[in-house]
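Asker: The structure is given below, and queries will be raised subsequently.
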Amino acid sequence: MTNADALANIEQGSPQWKALRCGRVTASKVADIIAKTKSGPSASRASYKADLVLERMTGVPREIFQTSAMLWGVENEAAACDAYAEQNLCGLTQIGFVEHPTIPMAGASPDRLVGSDGLVEAKCPQPPAHLETLLSRTVPAKYVTQIMWQFACMPERKWCDYISYHPAFPEPMRLFVQRIERDDALIAELEAEVSKFLAEVDETVSKLRAAYDPEQQREAA
């Protein structure tokens, strides 16, 4: 078994999976990296940078508080994927973690694989968000970014079916699916932004250790 196979077989959400992602950029947070305000980078970018710096220095994954809506999404993901598989008469494969092929300390954890070319990204939002998706028939931009980073980490994948699912809606409205095609130009832009962000994380960690790590201070003396 290769290292890539071993990482892929790790169960998402497990302590091992959380430890593996510690200090790394992951797909769900790339939207925070590229987020900007009129005056410059967003507060969410700064917050994520602080989280990664802390994880790098302590080796301990940051625990993210899960709201009831977030827990609902986690609990219903399997049902969403099952509904998709039944509708499309296809098999889905679970996966743990995939490292970016060229950018260290970065990776992704897609929800499911479809055949040799596809991915599935399943969201189980609260009724207002699901209703908005049904009406607009569009995928929120932050999820497009997440999917593109998954493509970046899996160059062989060509498309991803985005799912919005809520079991309380009438049967024809429970499952919304929209296909997102690979966009290599957008992926290249994201890779440049992530590389820049990771360089900032590395620089911050180095500065902090030089200023506050007694061992490094003795070596420099």
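The values are calculated or read from the model by the stated rules, or taken from the named source; none is laboratory data. Bear in mind the structure is a predicted one, so any value in this text is a computation, not a measurement. Virtual Cβ from ideal backbone geometry, glycine too; neighbours counted across all protein chains shown.
Asker: Would you mind telling me which numbered condition in (1) in contact with a Leu (Cβ under 8 Å, 6 or more places away or on another chain); (2) part of a loop (DSSP other than H, G, I, E, B); (3) farther than 28 Å from residue 202 by Cβ residue 161 fails?
Answerer: Just one mismatch for residue 161, condition (2).
Asker: Output the residues belonging to the stretch 79-100 that are assigned to a loop (DSSP other than H, G, I, E, B) and within 24 Å of residue 204 (Cα to Cα).
Answerer: In the first step, residues of the stretch 79-100 are kept if they are assigned to a loop (DSSP other than H, G, I, E, B); the result is 89-92, 94-97, 100.
Passing the criteria: only 100.
Asker: Quick test for you: out of 119, 135, pick the one residue that is modelled with pLDDT of 95 or more and surrounded by fewer than 18 Cβ atoms within 10 Å (Cβ to Cβ).
Answerer: Just one listed residue meets the conditions, 135.
Here's the yes/no breakdown for (1) over 16 Å from residue 27 (Cα atoms); (2) at pLDDT below 95:
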{"residue": "159", "(1), (2)": "no, no"}
{"residue": "174", "(1), (2)": "yes, no"}
{"residue": "180", "(1), (2)": "no, no"}
{"residue": "190", "(1), (2)": "no, no"}
{"residue": "194", "(1), (2)": "no, no"}
{"residue": "203", "(1), (2)": "yes, no"}
{"residue": "212", "(1), (2)": "yes, yes"}
{"residue": "216", "(1), (2)": "yes, yes"}
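Asker: From the residues in the stretch 53-78 that are of a type in the set (Gly, Ala, Ser) and assigned to a helix (DSSP H, G or I), which one is surrounded by the most Cβ atoms within 10 Å (Cβ to Cβ)?
Answerer: First pass over the stretch 53-78, keeping only residues of a type in the set (Gly, Ala, Ser): 59, 68-69, 73, 78.
If we keep only those that are assigned to a helix (DSSP H, G or I) as well, we get 68-69, 73, 78.
Numbers: 68: 8, 69: 11, 73: 18, 78: 14.
The extreme case among them is 73.
Asker: Given (1) modelled with pLDDT of 95 or more; (2) of a type in the set (Gly, Ala, Ser); (3) in contact with a Phe, Trp or Tyr (Cβ under 8 Å, 6 or more places away or on another chain); (4) not in a strand (DSSP E or B), identify the lone condition not met by residue 107.
Answerer: It is condition (4) that residue 107 fails.
Asker: Answer yes or no: is there a residue in the stretch 86-102 that is within 30 Å of residue 171 (Cβ to Cβ) and crowded, with 18+ Cβ neighbours inside 10 Å. Can you show your working first?
Answerer: Taking the stretch 86-102 first, the residues within 30 Å of residue 171 (Cβ to Cβ) are 86-95.
Next cut, crowded, with 18+ Cβ neighbours inside 10 Å only: 92, 95.
Checked against the condition, which is being within 30 Å of residue 171 (Cβ to Cβ) and crowded, with 18+ Cβ neighbours inside 10 Å, the stretch 86-102 yields at least one hit.
Asker: If a residue has to be more than 25 Å from residue 174 (Cβ to Cβ) and either of a type in the set (D, E, K, R) or free of Cβ contacts under 8 Å to residues at least 24 places away in the same chain (or both) to count, how many in the stretch 105-151 make the cut?
Answerer: Initial filter on the stretch 105-151 (more than 25 Å from residue 174 (Cβ to Cβ)): 105-108, 116-117, 145, 148-149, 151.
Now narrow it down to the ones that are either of a type in the set (D, E, K, R) or free of Cβ contacts under 8 Å to residues at least 24 places away in the same chain (or both): 117.
Within the stretch 105-151, residues that are more than 25 Å from residue 174 (Cβ to Cβ) and either of a type in the set (D, E, K, R) or free of Cβ contacts under 8 Å to residues at least 24 places away in the same chain (or both) number 1.
Asker: Follow-up. Could you list all residues from the stretch 25-50 that are basic (Lys, Arg), farther than 18 Å from residue 110 by Cα and modelled with pLDDT of 95 or more? Break it down into steps so the answer makes sense when it comes.
Answerer: Filtering the stretch 25-50 down to residues basic (Lys, Arg) leaves 29, 36, 38, 45, 49.
With farther than 18 Å from residue 110 by Cα added as a condition, the list becomes 36, 38, 45, 49.
45, 49, listed by residue number.
Asker: Keeping to the stretch 115-140, report how many residues are assigned to a helix (DSSP H, G or I) and among the polar types (S, T, N, Q). Lay out the reasoning, then the answer.
Answerer: Of the stretch 115-140, the ones assigned to a helix (DSSP H, G or I) are 127-136.
Next, only the ones that are among the polar types (S, T, N, Q) stay: 133, 136.
Here the count works out to 2.
Asker: Same structure again: For the list (1) part of a helix (DSSP H, G or I); (2) among the hydrophobic types (A, V, I, L, M, F, W, C); (3) in contact (Cβ under 8 Å) with a residue 60 or more places away in the chain, I need the number of the one condition that residue 186 fails.
Answerer: Status for residue 186: all satisfied but (3).
Asker: In this structure, does residue 10 turn out to be among the hydrophobic types (A, V, I, L, M, F, W, C), in a loop (DSSP other than H, G, I, E, B) and at pLDDT below 90?
Answerer: Working: among the hydrophobic types (A, V, I, L, M, F, W, C): yes; in a loop (DSSP other than H, G, I, E, B): yes; at pLDDT below 90: no.
In short, no.
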